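Below is one structure, written out as structure tokens, with a few remarks after it.
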Amino acid sequence: QVRLVESGGGLVRPGGSLRLSCSAQTDITVYVIVAWYHQAPGKQRDLVARIYNRHTSYSPSVEGRFTLSRGNGKDTIDLQMNDLKPEDTGVYYCNTDPAGAAWGQGTQVTVSS
């Protein structure tokens, strides 16, 4: 079973940037769709970005601000988050799409002045 571990969250001011990393603990190929999900406080978990091979897509709320890329190895998916807004606050998780792996602990992102 695919296992994914998130890292890289933190506290940042509005307009700031963060880079999240999703590391696969098991072998995955570039043909596995990997996605980042955002769960704001008290809200459901929503998919915000996904990558299949080198093709990426984003939700309207993050389009133009967030960028997915593969890290040094094929088993790392990075999410560059720019121009962060308070509504980006929440826990970010990575998983396959559809979400077939066990959910990890996620990584907390807090955007606040």
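The values are calculated or read from the model by the stated rules, or taken from the named source; none is laboratory data. Predicted, not measured: the structure shown is a model, and the values here were computed from it. Backbone-built Cβ (ideal geometry, glycine too); neighbour counts: all protein chains shown. To get the accessible areas, we keep the full protein, side chains included, count just its heavy atoms, and leave off ligands, DNA and RNA. Shrake-Rupley method; radii C 1.70, N 1.55, O 1.52, S 1.80 Å.
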List the longest stretch of the chain that has no exposed loop site; here a site is one of the chymotrypsin sites (Phe, Trp or Tyr not before Pro) assigned by DSSP to anything other than H, G, I, E or B, with at most 15 other Cβ within 10 Å.
32-102
Looking at the chain, what % of the alpha carbon pairs are farther apart than 17 Å?
48 percent
Mean separation of Cα contacts under 8 Å (at least 6 apart) over the residue count of the range 22-78, i.e. the relative contact order in percent, is 35 percent
Just flag the GluC sites (Glu not before Pro) in the range 1-109 sitting in loop per DSSP whose Cβ has no more than 13 other Cβ atoms within 10 Å.
E63
Scoring the chain by relative contact order with C-alpha pairs under 8 Å, at least six apart, yields a percentage of 37 percent
Please calculate how many Å² of accessible area the chain carries per residue, with a 1.4 Å probe and no DNA, RNA or ligand atoms counted.
53 Å²
Would you mind calculating the gained length between T29 and V5 on full extension (0.36 nm times residue separation, minus the Cα-Cα distance), in nm to one decimal?
7.0 nm
How long, wide and thick is the range 1-67, going by the Cα atoms along their three principal axes, in whole angstroms, largest first?
36, 23, 21
May I ask you to give the percent of accessible area on the chain that is carbon plus sulfur, with a probe radius of 1.4 Å?
48 percent
